[in-house]
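Below you'll find the structure, written out as structure tokens, and then a few comments.
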């Protein structure tokens, strides 16, 4: 038993013996002994990860008659469905959020088992009094995802790798018969299928071409179809989607009961198989360029997409599938266009958003000019993060999440009447009602090679910032808020204990007001939280992303250090009390920080983190095969002896003996991306070298923690660990730990 786990059980016994008298750990860091901070209530862990009043993932049915959302029922998750005409509400014990089928009656959802990422596509009738989950893709040890719903049909387009685990074929699931008809067999190099959502017609595909180091994406279109025959694609017989419940049912993990489908037939040619498409290549794209298809345009011959072809940053473009020519609709030379919202009726983009530091929306269709005002409601131009979550077919009613520094809500907007109905308060609102929260502030720094860096700083409540920072609104450009101006006039905080919280990916980024509770949690414990979009992060153009090539554990690490040094220089951070933590690539970065001299970090936390880069690439899930060249270019090829040696030199496992402080390892037992042995081998190497290491394995988790029980355990370990090495506070034993131990 590790020392930390033993301490936790001792603490639990002591807490229970005191009959709830409290087991909080007071802060020991001198910067936290101030009246303002000491008056801030310490929230229990369950308030961040097991909010009994929380709800989310709201969806309105296409016909506007029903609403679904996720919330808690007892100590577990459930899906709730409300009939908006009668007000009747039903609940179903499922753990995964869903989306409405086109018939506005059924709900579609993806679920795996224990985080193994072998997702199945399931469906249930939201008008039925009890849950009857039907597995539409009942293929063991394979992965299936919903490709698209066909607008004027109950049929679905589904991608599945059950024929070849490395690639995904495209099927049409016929709702009436439950039959999966193969529309296109993946020859082994297709990474993306493009279909017409109105008809389900297959239009184009993107296939990888070229040898190692010379890869390109070939865009090919369907020019003809060969009638089904002896060599045509087969179809698979599955239980009819509308059939009666089978007499044989078994429990689907954490999700009530699942209809046991009729066994899948052998893959034999079928007379009703789809015609085999004939492909013609039209143009090619640099493998490292970014081209993200969004939606087929109304003409059926062009594509709305995000593209960086011929420019550094992603632009919203209309791409001609015949010749690859682009018409640019929205472009910013400094930052990527992050996404766009579309009208289902016109197939035109109605709005788009960018993420320079805070989110900025751009309305593209004048008919949607009223939407930002309706979304903001009484909060006006307060900085916010808006996520459009769905709309009715007539586009008169919209659902969106609106998050602000002090809270937020999910709203239902009626564009005809201008009514703004709050469906649910954000968890952050409930936290803010109990205690002041740390506010995430956009910040900018300069790396040692002159490269600009963007990120965020969250200070504990009661601490002030010395810098006024402009923030953007859903309605327009960046503005400087009164709160930021007031903060600029105060004295800066003095040498706070600090956590460098590193995002994963690495081709991802931190975002302003993203609904990750961890920065707020850490600030409540007394820490300044630094988040840096280091080189390799997305959102700031291709050159910034590609500056990470060959820089794993090098410049990607020094970017973090350079931002940290700036906080030390301005007096915000105590250089002797800094921790580094993160998940996935962030976990790798944390271990790099702990094993790279000179010592900058007092302790580190690695969640599902990479410790051996060579083994990561060699052990990748089979369905990552088409993306593998990206890793080879950025990190290196373990098949090449020289590159393998370099990968090992940049792997924390190699340098476990020079760890500079205690390490906490958190890992899911079923992780298919970063396998458990990455953590166990690091733990063993640290212990063998006499270093302090604690390993916590989560038996029901994969690559990340989604169950509240797992997050509760991870957060509790985190607060106790950081209290020991940084001197912040801990709420101690949480009563929900008793429930988590048995559920």
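Miscellaneous remarks
- A simple spin-label model places pseudo-atoms 7 Å from Cα toward Cβ; at residue 681 and residue 65 they are separated by 5.7 nm.
- Stretching the chain fully between residue 430 and residue 199 yields a gain of 78.7 nm (0.36 nm per residue, less the alpha carbon separation).
- Computed FRET value (nearest 0.05) for residue 697 with residue 618, which takes r as the C-beta separation and R₀ as 30 Å: 0.85
- Theoretical gain in end-to-end length, residue 112 to residue 743 [0.36 nm per residue, Cα-Cα removed]: 225.4 nm
- Sorted fewest first by neighbouring Cβ atoms within 10 angstrom, 725, 23 come out as 23, 725.
- Efficiency of FRET from Cβ geometry, residue 419 and residue 549, R₀ 35 Å, rounded to 0.05: 0.10
- Ranked list, fewest to most other Cβ atoms within 10 Å of each Cβ, for 189, 323: 323, 189
- Nearest-ten-degree value, helix 585-595 long axis tilted from longest Cα axis of the chain: 30
- The range 28-81 and the range 188-223 have Cα centres spaced 41 Å apart.
- In the chain, the DSSP-assigned H stretches of four residues or longer account for a calculated mean residue ellipticity at 222 nm of -5500 deg cm²/dmol, using -39500 (n - 2.57) per stretch and the full residue count as denominator.
- Euclidean distance of C-alpha centroids, the range 566-618 and the range 290-325, integer Å: 38
- Taking the range 495-550 and dividing mean pair separation by its residue count, relative contact order in percent (alpha carbons under 8 Å, at least six apart): 40
- In the chain, Cα pairs under 8 Å separated by at least six residues give a relative contact order of 12 percent.
- Neighbour counting of Cβ atoms within 10 Å sorts the residues 396, 577, fewest neighbours leading, into 396, 577.
- The protection proxy used here, the mean number of other Cβ atoms lying within 10 Å of each residue, ranks peptides 155-163, 338-346, 412-420 as follows, highest first: 155-163, 338-346, 412-420.
- In this simple spin-label approximation, residue 669 and residue 209 carry label points 7 Å from Cα along the Cα→Cβ vector, and these lie 4.8 nm apart.
- Theoretical gain in end-to-end length, residue 191 to residue 642 [0.36 nm per residue, Cα-Cα removed]: 159.4 nm
- Rounded to 10°, Cα long-axis angle of helix 676-688 versus longest principal axis of the chain: 20
- Reported to the nearest whole Å, the Cα centre-to-centre distance from the range 635-661 to the range 136-185 is 40.
- Once the Cα atoms are used to define both axes, helix 555-569 deviates from the longest principal axis of the chain by about 40 degrees.
- A value for volume of the Cα convex hull per residue in Å³ was derived from the coordinates, and within the list (i) 166; (ii) 194; (iii) 376 it appears as (i).
- Pair residue 348, residue 735: separation of 7 Å Cα→Cβ label points (nm): 5.7
Readers should treat all values here as calculations from the given coordinates under stated rules, not as data from a laboratory. Note that this is a predicted model, so its numbers are computed, not measured. Neighbour counts are summed over all protein chains in view; Cβ atoms, including those assigned to glycine, are modelled from backbone coordinates with ideal geometry.
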